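Below is one structure; the comments refer to it alone.
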Amino acid sequence: MTTTPLPRRSFLLGAAGLAGALPSITTAAPSRAATFVRSAAPRLTHGVMSGDVTRSGGVVWARADRPARMFVQLSPTGGFSARDRVRTVRGPLLLPDSDFTGRVVLSGLPAGSDVPFRVVLADPDAARPHGDHAEGSFRTAPRHGDDVRFLWSGDQAGQGWGRNPDIGGFPIFDAMLARDPDFFLHSGDSIYADGPITGDITLPDGRIYRNVVEEAKTHVAETLDDFRGNFKYNLADAAMQRFNARVPFVNQWDDHEVHNNWYPGQILGDARYTEKNVDVLAARAFRAWTEFFPVGPLTANRGRVYRTLSHGPLLDVFVIDMRTYKDPNTPGLEPGAPAALDGILGTEQARWLVKSLSESKATWKVIASDMPIGLIVPDGAVDIEAVAQGDGGVPLGRERQIAWILQQIHRRGIENTLWLTADVHYTAAHFYDPAKATFTDFAPFWEFVSGPMHAGAFGPNRLDATFGPTQVFAATPPRANASPLEGYQFFGEVTIDGDSKRLTVDLRDLSGASLWSVTLDPQG
């Protein structure tokens, strides 16, 4: 099945509206006085991106091949000639200490509008934009109850499956671009820092999977430059660059940005590593992650992945972080009553989530989770990596913190919540029903899983009965670690109708075809 590209909304930034006020600007890296020797004009290396879009602005990202001044131009018409009344924002210097990456945070833009932009690189001491450039656009969040469409997925370039020129690199990005989403939620495992890509692979049926090989991906990532190289490998893909230029990101992270199944304080037993302290690796990985994605100041400057992204009156997205504050992986059998204890989110984040959900005025409240809550995700033969531990009885281990969150959502009358996740490398729909659960003090809800984007396909995982989940749908490969050449790559789509406020979830395959769909009516 093929999909037909949807028409982008007409650009609502009227000439008068844009000319009236220059958006206020902050930059991700400070400008500094320096002396530069010009050898050639700076060039863009990995296209342009936008992200963390709000009703009035967003973040624009770029990377240069050498020291450069970054400019962002905004156009009320989509054109960038002298007659188009282009506004120019002088951005930061792109310098070696950020691997020549930089971001400009824009504000003061009109809500619910497509915003064409152009990134221009110039010499470091340039006062005006003149040089290599690339165009993009993002859509600001609506002020009113307009229709909403967004996508989510995760797990990119894992298990040794890299950019394959025979299939167009990462072709899922073209399928996602055809859906014309307002934004894309990257649910984590945006790189596989612990997964080298070293050469071609012979598949069980005799076909050859061809990998593009780059030095940074021939070994596990330990240094800051190693982690940066992993991001550059993915961002070099042409299909991903086309997508990035048109669709703003909401970025999340999980384990493979650092190391499989990591937790704070862990000392690695992996013989491939000379640096065994995972906290050291995580600090380097997080710096690279913030350098190579268009994240806002809360994340880039304060180091906080968890945050709320409001997308108008119909939708709030609560991005959580199941990695940075989690307790050590154990069999998950620690007893106790449901509580906002350390668990997988840390006490502070768990309380933030409940408080933010309570304060939300949006019709739908999406909890963007980097791991599923009902699927058993093991770490070795005994320990548990995610939440569920397979007992199926009263909440134990990390289930206690999730039980507290679900209990608080129910007792505070917070309606219309759903969970979106990736991580397990297949796509599925789970319905959680207290009538079928051991722990019953919660309201029914859905959890939707989708991925991988370009990695080995696995599954299905077993469900834990503590919160009463039922697998309503799943699409899984016939064998573990099926390559992207064999399909079984997935993304999810959420649409909200502006008139009825009904929310529809489609689980889509590599071509963009819908495999399964459900429409939910808002409560309250």
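General observations
- Close pairs (9 angstrom Cβ cut-off, 6 or more residues apart or separate chains): within 19 Å of ASP433 (Cβ to Cβ) and in contact (Cβ under 8 Å) with a residue 40 or more places away in the chain in segment 455-482, open to solvent by 60 Å² or more (accessible area, probe 1.4 Å) and of a type in the set (Asp, Glu) anywhere: ASP464/ASP391; ALA465/ASP391; THR466/ASP391
- Residue within segment 337-355 that is under 20 Å from VAL250 (Cβ atoms), part of a loop (DSSP other than H, G, I, E, B), open to solvent by 20 Å² or more (accessible area, probe 1.4 Å) and not acidic (Asp, Glu) present: no
- Here VAL250 passes the criteria (1) on the phi < 0 side of the Ramachandran plot; (2) in a loop (DSSP other than H, G, I, E, B) except the one numbered (2).
- Boolean, ASP279 is in a helix (DSSP H, G or I), closer than 23 Å to LEU95 by Cα and more than 16 Å from the chain's Cα centre (by Cα): no
- Some residue of segment 201-212 being within 22 Å of the chain's Cα centre (by Cα) and of a type in the set (A, V, I, L, M, F, W, C): no
- Checked against (1) small (Gly, Ala, Ser); (2) at negative phi; (3) at pLDDT 95 or above, GLY47 meets all criteria but (2).
- Whichever residue in segment 463-515 is polar (S, T, N, Q) and under 15 Å from PHE173 (Cα atoms) and, among such residues, is least open to solvent (accessible area, probe 1.4 Å): GLN489
- Of the strands (runs of 3 or more DSSP E) lying entirely inside segment 405-524, the ones with 2 or more residues being closer than 23 Å to ARG323 by Cα and within 21 Å of the chain's Cα centre (by Cα) are found at 417-421, 427-432, 445-449, 491-496.
- Each residue in segment 313-325 was checked for being part of a loop (DSSP other than H, G, I, E, B) and either open to solvent by 10 Å² or more (accessible area, probe 1.4 Å) or hydroxyl-bearing (Ser, Thr, Tyr) (or both), and 3 of them qualify.
- Set ARG228, ARG242, ARG284: member being among the basic types (Lys, Arg), open to solvent by 10 Å² or more (accessible area, probe 1.4 Å), part of a helix (DSSP H, G or I) and within 14 Å of THR101 (Cβ to Cβ): ARG228
- Residue match in segment 86-96 (condition: closer than 28 Å to SER187 by Cβ, in a strand (DSSP E or B) and at pLDDT 95 or above): no
- Complete set of residues in segment 378-396 that are in a loop (DSSP other than H, G, I, E, B) and more than 12 Å from PRO338 (Cβ to Cβ): GLY380, ALA381, VAL382, GLU385, ALA386, VAL387, GLN389, GLY390, ASP391, GLY392, GLY393
- Candidates are the residues of segment 347-362 that are within 22 Å of the chain's Cα centre (by Cα) and polar (S, T, N, Q); the one that is farthest from MET322 (Cα to Cα) is SER360.
- Filter result for ALA175 (of a type outside the set (D, E, K, R) and either more than 21 Å from ALA455 (Cβ to Cβ) or part of a strand (DSSP E or B) (or both)): no
The values are calculated or read from the model by the stated rules, or taken from the named source; none is laboratory data. Every value quoted in this text rests on a predicted model; they were computed, and no experiment measured them. We place every Cβ from the backbone using ideal geometry, glycine too, and count neighbours over all the protein chains shown. Remember, those area values only see protein heavy atoms, side chains included, never the ligands or the DNA or RNA. Shrake-Rupley method; radii C 1.70, N 1.55, O 1.52, S 1.80 Å.
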